[in-house]
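Asks: To start, I am sharing the structure in question, which I have written as structure tokens.
The values are calculated or read from the model by the stated rules, or taken from the named source; none is laboratory data. These numbers come from a predicted model, not from an experiment. Positions of Cβ are generated from backbone atoms using ideal geometry, with glycine treated the same way; all protein chains shown enter the neighbour counts. Calculation scope for accessible area: heavy atoms of the full protein, side chains included, ligands and nucleic acids excluded. Shrake-Rupley method; radii C 1.70, N 1.55, O 1.52, S 1.80 Å.
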Amino acid sequence: MSDLVQNPLSESEYVELEKLLKSGDPYAILGSSMNQSKQEIELKYLNLVNTGNLTTKEIEVIENAYKVLSTEKYRNAYDEYIFKVGVNEKKLGETMENIKYGALSTLCRLVATPFQSVSVLANSPFTLSIKDTNEMVKTLYSIKGVRGFYRGFAFNGSAILIEFTRAILLELINRLIGSNSKINEKNDPILTLVDQFTHLLTAYPVKMILDCLMLSPLSMGVFDVIKTFINRVGGSSISNEVIKSHSIFESFSFKNLYYGAIYVIPLMIASQQIRKLVNYSALKLKNYVQEREDTISPIIKYSSYLLTNVVTTSIIKSALTAPLYVLSMCYPSQLISSYIQGVEIPTAINPITLAIQLYHHNGLSYFYKGIIPMIGFRLFESLGRLSSPSAVETYTVAEVVFE
């Protein structure tokens, strides 16, 4: 390519090369490749012309191909053309793949959001059965329509902005202290711990606000939820109209923003680890069957497929994590119910005591009252991750906010 830059083709040479290339790809015609030497290409040419029984047209095609590859300037020009076309086609292909899978991933997540919204309602203490959830869903749809299931969807964009800012600040601090490790690398346990801890600290308030929003009266928006439920100290009763105060930041209460965080964050981490264990087990089972495909029975193959497909794994994940999700939803519900009743915000109860109380009052079925929408959410969430062009195995915003 450097030779071509130093010795560009003249206009007549360019015209001749264009004419020679009308016969086709010279490498394909001679059965050679770009990494072969001039002598190797000459040998290919001689073998072809000496085969006999060639028509005049076929000989002309071979001669044209050999002239291109035996003339240094022509060959350099053609090699550069192939290189540019190959790179551009590869970039275009990668871009189109990213666009296609990115759009599919976004679509799956958009479909998953209503299931997640219904899961919040179904797993909260405000519903005791599937029938109660159905009534709440009907009310939500009749008043707000489909957009009612996307309450706070725009606000979730702030979580992405917060996460982006947090990552930049951590990277800056990392550089200031002169560390050679990167934040997202696993080789530095301290950095990994700091990364995960700061993520949870920034993502939990967003989760709390979105959960409170979904459980609040339909007339309330995100900022109304912050003013009414988060930004308060004493007890007061809710009015029929949205409360209008002059500033959402006046006497802001971080205590309420992190209400129950000491219990919910471990529950969410446990939920995440359970889901990872299910994925790992499914992958190991799939690999085991593939390695012994010729020796195992068709029944085992079919059973393996039933256990490892995305639908089954979504059901298993939901069944194993549903009780944790029910417990985590008790904390935003307590913020709202204490406000409605006009009483002080109660001290957060530890999840073990809470689980025992719920079990004695409602039985085991109470912990699975919201499993159907949760399965729908897990299914489309998993499809979204599978479709994503760049899946990230870490504590992403969605892991905590969209639990």
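Asks: By per-residue mean of other Cβ atoms within 10 Å, what is the highest-first order of 265-273, 321-329?
Replies: Per-residue Cβ counts within 10 Å, averaged per peptide and sorted highest first, yield 321-329, 265-273.
Asks: Using only the heavy atoms of the protein chains and a 1.4 Å probe, how would VAL15, VAL49, VAL120 rank by accessible area, largest first?
Replies: If we order VAL15, VAL49, VAL120 from most to least accessible, we get VAL15, VAL49, VAL120.
Asks: Continuing with the same structure: Evaluate E = 1/(1 + (r/R0)^6) for ILE130 and LEU172, where r is the Cβ-Cβ distance and R0 equals 51 Å; express this FRET efficiency to the nearest 0.05.
Replies: Approximately 0.55, to the nearest 0.05.
Asks: Rank-order 209-219, 340-350 by packing density, defined as the average count of other C-beta atoms within 10 Å over each peptide's residues, highest first.
Replies: 209-219, 340-350
Asks: Follow-up. Among SER304, SER338, LEU364, whose Cα lies farthest out toward the positive end of the dipole of the range 283-396, if unit charges sit on the beta carbon of Lys, Arg (+1) and Asp, Glu (-1)?
Replies: SER304
Asks: State, to one decimal in nm, how far the label point of TYR141 lies from the label point of GLN196, with both points 7 Å from Cα in the Cβ direction.
Replies: My value for the distance between the label points is 4.0 nm.
Asks: Let me ask something else about it. Using only the heavy atoms of the protein chains and a 1.4 Å probe, how would TYR66, TYR305, TYR74 rank by accessible area, largest first?
Replies: The ranking, largest first, comes out as TYR305, TYR66, TYR74.
Asks: Report the calculated FRET efficiency for SER12 and THR51 (r = Cβ-Cβ distance, R0 = 25 Å), to the nearest 0.05.
Replies: 0.15
Asks: Roughly speaking, what is the stretch gain from ILE349 to LYS22, that is 0.36 nm per residue apart minus the C-alpha to C-alpha distance, in nm to one decimal?
Replies: Full-extension gain reported as 109.7 nm.
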